[in-house]
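First the structure, in the form of structure tokens, and then the observations on it.
Laboratory data are not the source of any read-out in this text; all were calculated from the coordinates shown. Since the structure is predicted, the reported quantities are computational estimates derived from the model, not experimental observations. Every residue, glycine among them, receives a Cβ derived from its backbone with ideal geometry; neighbour counts consider all protein chains shown.
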Amino acid sequence: MKRFFFAMSLFLLILPAPARAQTPMAAVQGSIDRIISVLKEPRYRNPDARELQRAKISEIVREVFDFREMAQRTLARSWRKFTPRQQEEFTDIFHRFLEQTYLDKIQKDYHDQKVVYLEEKKLSSSKAVVKTKVIREDVETPINYRLLKKKGAWRVYDVTIEGVSLVKNYRSQFRKILVRKSPEQLIERLKRRIAEKKKKKEKEEGAS
Amino acid sequence: MRYLLYVFMFFILFPAAPSPAAAESSGPGPAAAAPQAADTRVSGDGTGTILLAENEGQKAPAMDPDEIDEDDEATDIQVADPLAPWNRMMYHFNDKLYFWLIKPVTRGYKTVFPSPVRKGVRNFFRNLTTPIRFVSSLLQGKVRRAGTEFARFVMNSTVGIAGFLDPAKMSGLNPPREDMGQALGSYGMGNGFYIVWPFLGPSTLRDSIGKVGDIFLDPVTYIDPMELSLGVYTYRGLNETSFKLGTYESLKNAAIEPYEALRDAYIQHRKKLVDE
């Protein structure tokens, strides 16, 4: 009987632990480690497998990043000037833009950088910062993730590199654009930028 | 020349007198703790206990920007940009200068000289510019950091063979790099306005004044024929850039409005350095 209780309590301890009751640190670390292992996997070395690798990373990123929150924060007060349909579209386009920019970069520039997880700070019951640094050769880059807890899950809504917040940086750019332009025009502008970058990338790949 | 330096030092030191100004330096810090920090700074004349108190006190006003809950748009630091037309022109000038001249030259330099050589050169120049960081630390009342800079200098100049090696870093002596612009910022001086200099890139009124101070404290300034001095400056810049190739490209690539993106990145990054 005693043994049964012991086994039972162990079982109960293990059961609710994963998934939901994650700490911010675990959410960040888990995702980054998984991304790094995908980047290291030899079967993606082949240039033809690049797209597949990218889809895999994108999936992990989508789990831990809250793109709607991010989009809303980059627009700040202007968010309300967007119709619900425009908000939807903007979130989608902005997500695609970030993916295109940063996944390309990660795939191209990953050379065994090491990520050191420094600390986790709770700003409130539903807000936290996870501090990390990326080390390559002797260059250290501090990268901090800001997370928000929604429905029990911690998700990233801002990334700060060397003190520069991604959300704030885009906010300063969108603010400038929205002074004269309409939400529709901003969305168009992002679409154009995506197309432009796609063309540039194809040209680069064609050249190499 | 030396008198100019004294005059300048006086000018730098002068705003230090009404020290409660430091309390205003970073808004969201607990108001009660901030003046305390300023007080310890004034009385801080070097003994161990005061050092400790100073260090503790500093935490309150100089908080890590990432620990303050400042997601709100209202807390965005927006710098005035009255010179925007000039700045944009200079931005485009520097952009072309980078892609057409600096980048290809730096690439060539990088292929000829392997990383250990370039690192040695970087270490040498960093060791040489110790006065900038030493004085900037002292002016902020960061006595311990200034001490660390001094210790680094002694160690790297001797064991590190005139500064080419950095044994001090391996012994854990690796403080954040201070400069005069940060010192002015720590006195509560605001950015003033944004200004883009040709060749030198983004700056603000405050950081430009700071830069003048840095130049006075930089031994390279005192190399005799001015041409040689400028040559050394240029070479140092080239060597430094060889470690940063690709940074500007990434920033520009991720931007939708590159001018605004760079301005904001500069301001945010400098704020972080001042807060440290």
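Taking other C-beta atoms within 10 angstrom as a stand-in for reagent exposure, B:Tyr187, A:Tyr157, A:Tyr110 fall in the order A:Tyr110, B:Tyr187, A:Tyr157, fewest first. With angles folded into 0 to 90 degrees, how steeply does helix A:24-40 sit against the dominant principal axis of chain A? Use alpha carbons for both and round to 10. Its long axis makes an angle of about 70 degrees. For the pair the range B:157-211 and the range A:38-65, the centres of their Cα atoms are 39 angstrom apart.
Return the whole-Å distance between the Cα centroid of the range B:224-276 and the Cα centroid of the range A:172-197. Spelled out, the Cα-based centre of one part sits 27 Å from the other. In this structure, the residue pairs whose Cα-Cα separation is over 18 Å, taken from A:Lys127/A:Lys150; B:Lys211/B:Lys244; A:Lys201/B:Lys252; B:Lys110/B:Lys244, are B:Lys211/B:Lys244.
Note on A:Phe90, B:Phe150: ascending count of other Cβ atoms within 10 Å places them as B:Phe150, A:Phe90, the fewest first. For A:Asp158, the residues 5 or more places off, or on other chains, whose built amide H falls under 5 Å of its own are A:Arg146. Annotation: amide H of B:Trp197 within the under-5 Å range of B:Ser203, sequence separation 5 or more or interchain, hydrogens built in the peptide plane.
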